[in-house]
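Taken together, the values in this text are just the output of simple stated rules run on the coordinates, not laboratory data. The model shown is predicted, which means the values in this text are computed figures rather than measured ones. Quick reminder, even Gly has a Cβ in these numbers, built from the backbone with ideal geometry, and neighbours come from all protein chains shown.
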Amino acid sequence: MKTVGEILKNARQEKKLTLEGVEQATKIRKKYLLALEENTFEKLPSLTYVQGFIKNYAEFLGQDTSYILSVFRRQFDSLEKPKVIPPGLSEPLNEPFWRLTPSKIIGIFILILVFLFFFWLFSQYQSFVWAPKINLESPSENEIIKGEKVQVLGRTDPWATLTINGQEVKLLDGRFSQEIAVSPGIVTINISATNKFAKKQELKRTIRVESP
């Protein structure tokens with residue numbers, strides 16, 4: 001008497017179907033179809049799942065499901081109690097490649113923390129090795145100013161200490177704006193930025209002041 005596997009395999013071959021084609025049509029994984037045809041049922045989930053696979057496969061091939069299931073029962077009259085389905089064996093064929101799980105969320109959170117920590121270390125290293133930058137927006141070099149005061153505008157590193165002509169200026173997120181008194185003639189504005197590791201950057205801006 002033919003086995004369940006022989007009946008199913010012969011029926012599939014008569015219809016000139018591939019295991020891949022049957023897999024797509026029935027949503028039964030190829031490895032399970034192969035296990036059915038080779039009668040290696042120990043590679044499959046529990047007895048209930050095996051019978052379900054056989055029934056679906058037989059129906060797809062146009063076979064008598066009652067007859068094939070009876071053949072299966074005769075093959076396994078002494079079959080032990082069904083085993084617990086191993087994790088992952090009964091997952092659907094079209095299961096997403098990547099699924100967001102609590103453990104993955106925790107892993108992503110840890111990676112973000114590690115990234116932020118190393119970014120902080122790099123910023124500390126940067127402030128230690130490099131002197132602060134000074135970007136002076138106003139006044140421009142050799143600008144002619146009419147009046148007794150000039151507005152000094154610019155930007156530097158937020159953690160720097162900035163002075164203009166020796167006077168410390170408060171920073172707002174690295175930006176500075178300070179009005180200084182000037183006298184007619186050629187005036188040099190001295191700007192200095194120093195970080196907490198004593199790295200200093202200096203900039204001089206020369207302007208021409210005329211009486212109003």
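Once the Cα atoms are used to define both axes, helix 65-75 deviates from the longest principal axis of the chain by about 80 degrees.
Please give me, ordered by residue number, the GluC sites (Glu not before Pro) of the stretch 122-212 that lie in loop per DSSP and have at most 11 other Cβ atoms within 10 Å. Write down the numbers at each step before the final one.
Working: sites: 137, 141, 143, 148, 168, 179, 202, 210; in loops: 141, 143, 148.
Answer by residue number: 141.
Any chance you could give the angle, 0 to 90 degrees and rounded to 10, that helix 4-14 forms with the longest Cα principal axis of the chain? The angle comes out at about 80 degrees. Of all alpha-carbon pairs in the stretch 134-210, indicate the percentage at a distance above 19 angstrom. Counting pairs separated by more than 19 Å, the tail of P(r) holds 31 percent. One quarter of the surface of the convex hull around the alpha-carbon atoms of the chain equals 22.9 nm², the direction-averaged projected area.
To the nearest 20 Debye, how big is the dipole of the chain about its Cα centre, given +1 on the beta carbon of each Lys and Arg and -1 on that of each Asp and Glu?
Values: 29 positive and 23 negative charges, 67 e Å.
Taking the Cα centre of the chain as origin, the dipole is about 320 debye.
For 16, 146, what's the fewest-to-most ordering of other Cβ within 10 Å of each Cβ?
Working: 16 7, 146 11.
By the 10 Å Cβ count, ascending, the order reads 16, 146.
About its Cα centre, the stretch 134-210 has a charge dipole of approximately 200 debye under the convention of +1 per Lys or Arg Cβ and -1 per Asp or Glu Cβ, with nothing else charged.
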